[in-house]
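The structure appears below as structure tokens.
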Amino acid sequence: MDKIIIEGGNSLSGKVTISGAKNAVLPIMAASILGNGESIITRVPDLRDTRTMIRLLEIIGSVCRFSDGKLTIDSASVDNPEAPYELVKTMRASFYVMGPLLAKFGEVRVSLPGGCAWGPRPVDFHLRGFEKLGAEIILESGYIIAKANNLKGAEISFDFPSVGATGNILMAAVLAEGKTIIRNAAKEPEIVQLCEFLNLMGADISGIGSSNIIVEGVESLESAKIDIIPDRIEAGTFLIAGALLGEITLENVNKNHLLSVVLKLKDTGSEIVESGNSLTILPSDIINPVDIQTAVYPGFPTDLQAQWVAMMSIAKGSSVITDNVYNDRFSHIPELNRLGAKIKVDHNSAWIKGVVSLKGAQVMSTDIRASAALIIGGLVADGITEVQRVYHIDRGYEKIEEKFSAIGAKIYRESA
Ligand code: EPZ
């Protein structure tokens, strides 16, 4: 298994281009199933997860071509409404094919996604939503079978504004008969772009970006073209690295998707300057401790919680980071403590005592964002850090060690 080796303490400077958003492209790839021709998606990041979704679409019967960030998906020959365990166990987002396959075929068989590094991740909101639309749900040896002769629009209200459940129900409702209202819907930019893509295909969705999304069912959808929005989580990851290690400029960012993060970074002492679609971070010479409560969009994203904890581990004082989206997403803490951080976890909060410096060590990735936190830790630590199991980071960051070394970090990949 590959590992990433970092010699810490080098300052950063220069420009980095942010890739297209993983969490936008995955549901949009699933939505292409609903079209009857070839959809074209540009600014697609080359990630393990996008390649896994391509493999899944090919198993279902789509014909995919992917090069230089351009992905074409021809869904004319889709004929196998099944998402096998081997793929779903490696990527929860495989579950996104359930809505479109149910809408297109009236029957779908998808493996239940397992848990993940930080605990169970249920899909009850998805299944209840499909039942509201008229589907019969059967659980059979680890697979979920959903059947519906014809889906009928319904009013669906989520207990929590789930990103995945909002996307999945949207992709089923667009071909349902009549009106669907999704209340307490997710407002993340990635779901907004999914709605835009579905409307480009001929769907009739309104209330986009609000908590109440309205879908008027249509007869059929055509393929469409779209350019993926910048990845706000990759951008936030690099901004945090810049706050710690030097002035860097991010290109291809949408500042409106990062407002809560930019405000919190300014509280730590950094300055952030916007010009067009780039952001420059000017770090201060000390990091003020800043508490965080993660929240759904437009709050501070849970996907930047681990990276923020890494930064606070060397802040000038103590801080508390509470995750209100996942209550057990702290597998990065023991690994950061191996680098000399002083962090205790209590329920869904990390209590951090800032230390003067971290010391390089061998650490282990456990999930995409924990890996990013360990890379940040290694970049600021004195000495050498070895991050193992980097296949996790390759799921969600495109060429991360190349991007960091291009702005001055001493970082390279050792293929085992
Ligand atoms: C999406 O996951 C993202 N993944 C996650 O990013 C992100 O952390 C998460 O949204 C929250 O923003 C993709 O978009 C591919 P949820 P998702 O449904 O849709 C509970 C990354 O690092 N819940 O919004 O799975 C759930 O347990 C990944 O890029 C239910 O209880 O997240 C959690 O506590 C990690 N029942 C909360 O809702 C359900 O049926 C939010 O989950 C569904 C969710």
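The values are calculated or read from the model by the stated rules, or taken from the named source; none is laboratory data. The model shown is predicted, which means the values in this text are computed figures rather than measured ones. Cβ sites come from the backbone with ideal geometry, for glycine too, and all protein chains shown count toward neighbours. Accessible surface areas use protein heavy atoms only, side chains included; no ligands, DNA or RNA. Shrake-Rupley method; radii C 1.70, N 1.55, O 1.52, S 1.80 Å.
List of remarks:
- Carbon-plus-sulfur accessible fraction, the chain (probe radius 1.4 Å, protein heavy atoms only): 49%.
- Pairs of alpha carbons in the chain whose separation is greater than 28 Å (percent): 47 percent
- Of all the options E177, E335, E190, the one that moves most in a Gaussian network model of the chain with Cα springs shorter than 10 angstrom is E177.
- The stretch between I59 and D124, if pulled fully straight at 0.36 nm per residue, gains 20.9 nm over its current Cα-Cα span.
- For the chain, with +1 on Lys and Arg beta carbons and -1 on Asp and Glu, the positive-most of I213, P289, I144 along the dipole: P289
- Partners of K344 within straight-line reach, counting aspartates and glutamates whose Cα lies under 15 Å from its Cα and excluding those fewer than 8 residues away in the same chain: D291, D323, D328, E335.
- Listed residues A224, I169, L200: farthest to the positive end of the dipole of the chain (Cβ charges): I169
- For region 1-57, projected area of the alpha-carbon convex hull averaged over all directions, nm²: 6.1 nm²
- GNM result for the chain, Cα springs below 10 Å: residue of S157, S275, S32 fluctuating most strongly: S275
- Taking Cα atoms only, the orientation of helix 259-268 departs from the longest principal axis of the chain by about 10 degrees.
- Simple Cβ-charge dipole of the chain, Lys/Arg +1 and Asp/Glu -1, about Cα centre, in debye nearest 20: 760 debye
- Residue with peak Gaussian network fluctuation, the chain [Cα springs, cutoff 10 Å], from R232, R55, R395: R55
- Exceeding the 20 Å Cα-Cα cut-off - candidates K266/K403; K22/K255; K266/K316; K15/K403; K264/K403: K266/K403; K264/K403
- Only one residue of G14, F66, A83 has its Cα farthest out toward the positive end of the dipole of region 1-129, where Lys and Arg carry +1 and Asp and Glu -1 on Cβ, and that residue is G14.
- Whether region 171-210 is rounded, prolate or oblate, judged on the alpha carbon gyration tensor where a/c under 1.5 counts as rounded: oblate
- Label sites at K89 and K359, each approximated as a point 7 angstrom past Cα along Cα to Cβ, lie 3.9 nm apart.
- Simple spin-label estimate for D382 and V345 in nanometres, 7 Å along Cα-Cβ: 2.8 nm
- Computed with a 1.4 Å probe over protein heavy atoms only, the accessible surface of region 340-380 comes to 40 Å² per residue.
- Remark: the Cα gyration tensor places region 271-416 in the rounded category, a/c being less than 1.5.
- Cα pair count fraction exceeding 20 Å, expressed as % - region 1-118: 47 percent
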